[in-house]
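See structure below.
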Amino acid sequence: MKAVFPVLFFLPISAMAQSATHVAALPGGDNAYYVGNRAPLAPSPLRKLPVGAIRPEGWLRHQLELMANGFSGRLEEISPFCKYNGNAWVTPGGHGERGWEEVPYWLKGFTDLGLVLGDDRLQAQARKWLDAVLANQSEDGYFGNRKNLDIRRGDQPEMNTDKPARVIDLWPNMIMLYPLRSLYEATGDKRVLPFMTKYFEWQMKLPVNEFLPASWQKYRGGDNLDSIYWLYNRTGDAWLLDLAKRNHERTADWMDNIPTWHGVNISQGFREPAEFFQQAKDKRFIKATEADYDRVMHEYGQMPGGMFAADENARKGYTGPRQAAETCSMAEYMLSHEMLTGITGDPKWADRAEDVAFNSLPAAMTPDLRGLHYLTAPNMIQLDRQNKAPMLENSGDMLSYNPFQYRCCQHNVAHAWPYFAEHLWMATAGNGLAAVLYSSSVVTAKVGDGTQVRITESTEYPFDGTIRFEIATPKDVSFPLALRVPAWSQANIVRLNGREVMVPQAGPGWLILNHRWRNGDRLQLELPMRVTLKTWAKNGNGVSVYRGPLAFSAKIGERWEQYGEHPDWPAFEVFPTTPWNWALAVDPSSVSQHLLVRRVNGAVKGQPFTPENAPVEIFVRARQVPQWTQEPNGMPGPLPASPVATRERIRTIALIPMGCARLRISVFPVAKHVSRERQ
């Protein structure tokens, strides 16, 4: 196949690097060094680099280090599901206990965490588990818990959908394939490909009505499809495409359709049509995934943070900013967006991954990443153990921080930051590279004629829009370098070795520089971060303040109260100590006149996601709304419709990035403009 950027490659040397080319989406094509889609699958616009090719730095690396020392890195000590001895995932024949989703969820993140950090302890622990999984495959190809080969129970009538002779649950195995894939990518372990081949041969022999009959596996069949394509692209076994087609046909119908309103199901299931597009090569499948996303966000995502209101399930009438999203949903939504960036080459999916990562995910955990809670909302003013049902769907403690609770999220959140770090850079067609998600990092990759280069990225993004790249190469080498232009960015500037490069101002997309890169070349991208106001018409015309990719919340004083008996793993409730019921006294048509942006705290701290370490504050005029009060159960009252009348005097309040605020008001009413003399 031809290279993706033939026109750019044949630019005269004198024209190279004097200008950049803009494309709305990266096209598919060949890359000689990194695995992408093998024919007849659609050519890959972006290809994931092997685990370990990207070394995160700065605040992102610190998040990963906190994970290693937090509950994700120590779940063998605190989770009963992650006890090795007697576990069904590692016992011969799968005849142990606790053989469902928890261990695979944890290993999916824990394995990659160790590989991304280069942490020997984590890698050794993960290998212990994965070696046992690989060693205990049955002769017929199945692996894992034998109890999952027939899980029908009287209290699960939905499991009898097609009246099969037995109901096999493939869902936990779908997850376990991810850490095995990472092991192969990082080490080339020769056991992995035969293991997966034998397992998918077993799937191929299942009667149709026993394959993905119901429940999570049916909604989340896209996870199985992803691994089928991953294996096909490495072995070329044509029968895998037959299995892929069968997998698509047996997965719940996501073709411009929402078959379930369960939050986590949506977060990972909606991408399935776009995945199958790679085989069908029909744009209807891409459009179906986009339509699913748009419908969910239009109905339940009218709030900042990139998530949607599904505090277990999305429910009619529960669409305001005090409704929450599961931590599991955040991790899965981020991964779906990262995968869709690679499948489509469309940068909007990378924008969406950053939206969740920077604005929603940090507040789901304590600043030291040693505790988490089940649900996080844009407006949440008290994190206690009190029952919030039916305002939140499930009864009981959903909001306090506890390392021992919230069974699915406790294990599944482990992959959120590691997978984000693995998608900072991706390989492009034409043997190039793309800066996909911006963060300080070092990437080592083969480009152009096979020369291995190292690019060091230095930035305080997302708190600052200046991103610097330095090229290290043993010899001059030509290759295309693509830089993502987020949808929020305008008037972008690119400088190469101090000289400004001509940049088309054509909206979101990719800026592509074709250049003969030399050792020591320095590239700088400047993404100006304007302050904007977004109005949520479907939520009473409430407003949110944005600067670049960050949404902002009222800075609320926090009182942390410890509970629990474990001295090394405390749990916490968090209570407000300052007012929270503010209406912004701004004119939405001229918002910049009412806001003052100030950088604080000097250089970005290792853990910037706290009120004390927030690198940026925005000061805005506001009035308190006395009638906006706290519910008896601790939740904020419904958002008042704007404009809201209030006689309180105007004050100047501080806003901090939404991800820094565990207690937060991120959607505000707008105060009615009434002078005090006439009140």
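The values are calculated or read from the model by the stated rules, or taken from the named source; none is laboratory data. What you are looking at is a predicted structure, and each value in this text was computed from that prediction instead of being measured. Using ideal geometry, Cβ is built from the backbone for each residue, glycine included, and neighbour counts are taken over all protein chains shown. Remember, those area values only see protein heavy atoms, side chains included, never the ligands or the DNA or RNA. Shrake-Rupley method; radii C 1.70, N 1.55, O 1.52, S 1.80 Å.
Within region 479-491, the residues that satisfy the criterion of being modelled with pLDDT of 95 or more and open to solvent by 10 Å² or more (accessible area, probe 1.4 Å) are Ala487, Trp488. All conditions in (1) open to solvent by less than 50 Å² (accessible area, probe 1.4 Å); (2) among the acidic types (Asp, Glu); (3) over 17 Å from Gly36 (Cα atoms) hold for Asp242, with the sole exception of (1). Here Ser215 fulfils each of the conditions (1) modelled with pLDDT of 95 or more; (2) on the phi > 0 side of the Ramachandran plot apart from (1). Cβ separations smaller than 9 Å between residues 6+ apart or across chains give the following pairs from region 460-474 residues that are within 13 Å of Gln607 (Cα to Cα) to residues that are surrounded by fewer than 19 Cβ atoms within 10 Å (Cβ to Cβ): Glu460/Thr466; Glu460/Ala603; Phe463/Arg599.
Restrict the check to region 449-460 and report whether at least one residue is of a type in the set (A, V, I, L, M, F, W, C) and either open to solvent by 20 Å² or more (accessible area, probe 1.4 Å) or in contact with a Leu (Cβ under 6 Å, 6 or more places away or on another chain) (or both). No, region 449-460 contains no residue that is of a type in the set (A, V, I, L, M, F, W, C) and either open to solvent by 20 Å² or more (accessible area, probe 1.4 Å) or in contact with a Leu (Cβ under 6 Å, 6 or more places away or on another chain) (or both).
For region 631-643, the tally of residues that are under 33 Å from the mean Cα position of the chain (by Cα) and either of a type in the set (Val, Ile, Thr) or open to solvent by 40 Å² or more (accessible area, probe 1.4 Å) (or both) stands at 3.
Can you say whether Lys672 is at pLDDT below 95, among the charged types (D, E, K, R) and within 29 Å of the chain's Cα centre (by Cα), as far as the supplied structure shows? Here the answer is no, as Lys672 does not meet what is asked. For region 373-408, the tally of residues that are under 21 Å from Pro172 (Cβ atoms), at pLDDT 95 or above and either among the basic types (Lys, Arg) or surrounded by fewer than 24 Cβ atoms within 10 Å (Cβ to Cβ) (or both) stands at 0. Residue selection: Ala291 satisfies the criterion of being surrounded by fewer than 24 Cβ atoms within 10 Å (Cβ to Cβ), under 21 Å from Pro508 (Cβ atoms), over 17 Å from the mean Cα position of the chain (by Cα) and small (Gly, Ala, Ser). Comparison of Gly301, Gly317 shows that the only residue that is free of Cβ contacts under 8 Å to residues at least 24 places away in the same chain, surrounded by fewer than 19 Cβ atoms within 10 Å (Cβ to Cβ), under 30 Å from Gln410 (Cβ atoms) and of a type in the set (Gly, Ala, Ser) is Gly317. When residues in region 200-233 are screened for being of a type in the set (D, E, K, R), touching a helix residue (DSSP H, G or I) at 6+ places or on another chain (Cβ under 8 Å) and not in a helix (DSSP H, G or I), 1 of them pass. Go through Arg598, Arg559 for me and flag whichever is without any contact (Cβ under 8 Å) to a residue 40 or more places away in the chain and over 27 Å from His673 (Cα atoms). The conditions single out Arg559. Scanning region 102-123 for residues that are open to solvent by 10 Å² or more (accessible area, probe 1.4 Å) and either over 25 Å from Glu185 (Cβ atoms) or among the acidic types (Asp, Glu) (or both) yields Asp119, Asp120. Does Ala314 fit the bill of being modelled with pLDDT of 95 or more, farther than 30 Å from Glu558 by Cβ and not acidic (Asp, Glu)? Spelling it out, it is not the case that Ala314 is modelled with pLDDT of 95 or more, farther than 30 Å from Glu558 by Cβ and not acidic (Asp, Glu). Asn431 falls short of the stated requirement of being touching a helix residue (DSSP H, G or I) at 6+ places or on another chain (Cβ under 6 Å), touching a residue at least 40 places away in the same chain (Cβ under 8 Å), surrounded by 24 or more Cβ atoms within 10 Å (Cβ to Cβ) and not aliphatic (A, V, I, L, M). In region 508-525 there is at least one residue that is within 23 Å of Pro608 (Cβ to Cβ) and either in a strand (DSSP E or B) or of a type in the set (A, V, I, L, M) (or both).
Within region 596-630, track down each residue that is open to solvent by 30 Å² or more (accessible area, probe 1.4 Å) and closer than 21 Å to Phe668 by Cβ. Leu596, Val597, Arg598, Phe619, Arg621, Gln624, Pro626, Gln627, Thr629, Gln630 - these are the residues of region 596-630 that are open to solvent by 30 Å² or more (accessible area, probe 1.4 Å) and closer than 21 Å to Phe668 by Cβ. Where strands (runs of 3 or more DSSP E) sit wholly within region 344-462, those with at least 2 residues that are more than 15 Å from Phe609 (Cβ to Cβ) and of a type in the set (D, E, K, R) occupy 451-459. Just a yes or no: is a residue in region 81-93 part of a loop (DSSP other than H, G, I, E, B), hydrophobic (A, V, I, L, M, F, W, C) and open to solvent by 10 Å² or more (accessible area, probe 1.4 Å)? Looking through region 81-93, at least one residue is part of a loop (DSSP other than H, G, I, E, B), hydrophobic (A, V, I, L, M, F, W, C) and open to solvent by 10 Å² or more (accessible area, probe 1.4 Å).
The residues in region 186-210 that are acidic (Asp, Glu) and under 14 Å from Leu130 (Cα atoms) can be counted, and the count is 1. If the condition is being surrounded by fewer than 21 Cβ atoms within 10 Å (Cβ to Cβ) and in a loop (DSSP other than H, G, I, E, B), then region 54-78 contributes only Glu57. With respect to the conditions (1) touching a Phe, Trp or Tyr at 6+ places or on another chain (Cβ under 6 Å); (2) open to solvent by 40 Å² or more (accessible area, probe 1.4 Å), Asp476 falls short on a single one, namely (1).
When region 214-239 is limited to residues that are under 16 Å from Lys108 (Cα atoms) and open to solvent by 10 Å² or more (accessible area, probe 1.4 Å), the one that is nearest to the chain's Cα centre (by Cα) turns out to be Asp226. Selection within region 99-136: residues that are acidic (Asp, Glu) and outside any helix (DSSP H, G or I). The member of this set that is farthest from Met196 (Cα to Cα) is Asp119.
Quick grid of which residues meet (1) closer than 20 Å to Gly305 by Cβ; (2) of a type in the set (Asp, Glu); (3) without any contact (Cβ under 8 Å) to a residue 40 or more places away in the chain:
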| position | (1), (2), (3) |
| --- | --- |
| Glu354 | yes, yes, no |
| Pro362 | yes, no, no |
| Leu369 | yes, no, no |
| Ile381 | yes, no, no |
| Pro403 | no, no, no |
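You will find that of Arg499, Arg559, Arg547, Arg516, the residue that is under 25 Å from the mean Cα position of the chain (by Cα) and among the charged types (D, E, K, R) is Arg547 and no other. Please go through (1) in a loop (DSSP other than H, G, I, E, B); (2) in contact with a Lys or Arg (Cβ under 9 Å, 6 or more places away or on another chain) for Pro528 and return the number of the only condition it doesn't satisfy. Of everything listed in (1) in a loop (DSSP other than H, G, I, E, B); (2) in contact with a Lys or Arg (Cβ under 9 Å, 6 or more places away or on another chain), Pro528 misses just condition (2).
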